[in-house]
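To start, the structure under review is shown below, and the notes come after it.
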Amino acid sequence: MKKITFILITLITFSVSAQKKKKNGTIYIEHPGIETVESFHKAFVDGDIDKAASYLADDMRIFNDLTMNKDSKGWGKKSLIANMNSWKNNWEYLSYERSEGSYPDAFEYNKSGNWVFSWNQLYAINKTTGVKFDSPVLRGYVLNDDNTKMRRIHEYNNNVNFRIVNDSFYERKNGVIYMNHEHINSVRKAMYSFANGDAEKAYSFFHDNAVFIDINENKNMNKDEIIARDSKIFSDWTLTGLDESGYPDYLEYDWQDSKVVQSWWNFRMTRNSDGKKVVVKCLFLDTFNDDGKIIRRNAYWNGQLLK
């Protein structure tokens, strides 16, 4: 038995060892390349573009590694300098901080040279449009042998953020606003069904998997959870009246094909214990699916009034 056990241990050890490959370099948490990269970042944020450019090799290239263009040759030093000047001239409150919980790593690869990977959060406000840019950026920097110049930069970021920035410079319609619409009718029917104690009919206008988001709660709720929460409220309070405030709007957005009814309501409430009366003003944002069911309700009201 001991002999069999020894053979098994030997085989397992050999199997694990056989899976290991030759080391391909070393990872550093402190490294001259990291100092170069972070000095480059600081010069960019400070608006010292000449100093930032001094860290770039003359033949450097920067690549968007999320592009769908397989033939992309990237951009050169001149283009990157122009881009940094654009950030300097057109944006304010610029920052490029390490992403929370992250730190840069330096890799000295045996074959592909010295790399620094950094995870940062790029933040700025556009001077013309007021649009906020706040996005994580991952960059891989390939440095020369003495770690003083960047030969290549590989960037990963969310292009949607840049699209939003570019779109903000042009007037653009985003759908149609309706004063009367079938979805508005559905919201009214649901609300007045609630007011008349017909919860079954009221919830028939909601999808079975509808999500309820209430500003007074610390989590999203499903249908069973919102029913339980409301039952607790109405065990202490009685709804004596429900009135529209103003009039609802139905917004049929082009972007993301969203369908939302905005409605404002006055809930007239009486506390059961002492007869205290309050008017609770509430805004609902009801999002509809293509079948005409409410799939999400956002509720905004002051929960302190019912304390």
Exercise. Go through the stretch 145-178 and give me each residue that's hydrophobic (A, V, I, L, M, F, W, C) and modelled with pLDDT of 95 or more.
Key: 150, 153, 176, 177
Quiz item: Within the stretch 35-50, can you find the residues that are over 16 Å from residue 82 (Cβ atoms) and either touching an Asp or Glu at 6+ places or on another chain (Cβ under 8 Å) or of a type outside the set (A, V, I, L, M, F, W, C) (or both)?
Solution: 35, 36, 38, 39, 41, 42, 46
Self-check item: Close pairs from the stretch 30-46: first within 15 Å of residue 114 (Cα to Cα), partner among the hydrophobic types (A, V, I, L, M, F, W, C), Cβ under 6 Å, at least 6 apart
Solution: 31/106; 33/106; 33/116; 33/143; 34/106; 34/116; 37/116
Exercise. Please enumerate the residues belonging to the stretch 159-192 that are part of a loop (DSSP other than H, G, I, E, B) and either out of contact with any strand residue (DSSP E or B) (no Cβ under 6 Å at 6 or more places or on another chain) or closer than 19 Å to residue 294 by Cα (or both).
Key: 168, 169, 170, 171, 172, 173, 179, 180, 181
Exercise. Answer yes if at least one residue in the stretch 231-244 is within 19 Å of residue 196 (Cβ to Cβ), β-branched (Val, Ile, Thr) and within 26 Å of the chain's Cα centre (by Cα), and no otherwise.
Key: no
Quiz item: Can you name the residue in the stretch 277-303 that is of a type outside the set (Val, Ile, Thr) and under 19 Å from residue 238 (Cβ atoms) and is also farthest from the chain's Cα centre (by Cα) among such residues?
Solution: 277
Practice problem: Give just the number: which of (1) at pLDDT below 95; (2) closer than 24 Å to residue 135 by Cβ does residue 112 not satisfy? | Solution: (2)
Quiz item: Which of the following residues is exposed (fewer than 13 other Cβ atoms within 10 Å of the Cβ) and in contact (Cβ under 8 Å) with a residue 60 or more places away in the chain: 149, 111?
Solution: 111
Quiz item: Are there any helices (runs of 4 or more DSSP H) wholly within the stretch 29-93 with 1 or more residues that are surrounded by 12 or more Cβ atoms within 10 Å (Cβ to Cβ) and in contact with a Pro (Cβ under 8 Å, 6 or more places away or on another chain), and if so which?
Solution: 32-46
Quiz item: Does residue 96 satisfy the condition of being surrounded by fewer than 16 Cβ atoms within 10 Å (Cβ to Cβ), of a type in the set (Phe, Trp, Tyr) and within 28 Å of the chain's Cα centre (by Cα)?
Solution: no
Self-check item: All positions within the stretch 231-259 that are without any contact (Cβ under 8 Å) to a residue 60 or more places away in the chain, surrounded by 12 or more Cβ atoms within 10 Å (Cβ to Cβ) and among the β-branched types (Val, Ile, Thr)
Solution: 238
Quiz item: Of the residues 209, 218, which is at pLDDT 95 or above and within 33 Å of the chain's Cα centre (by Cα)?
Solution: 209
Quiz prompt | Matching entry among 234, 288, 284, 267 (being touching a His at 6+ places or on another chain (Cβ under 7 Å) and under 21 Å from residue 201 (Cβ atoms)) | solution = 288
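The values are calculated or read from the model by the stated rules, or taken from the named source; none is laboratory data. Because the structure is a prediction, the values reported are computed rather than measured. Please note: Cβ atoms are built from the backbone with ideal geometry, for glycine as well, and neighbour counts cover all protein chains shown.
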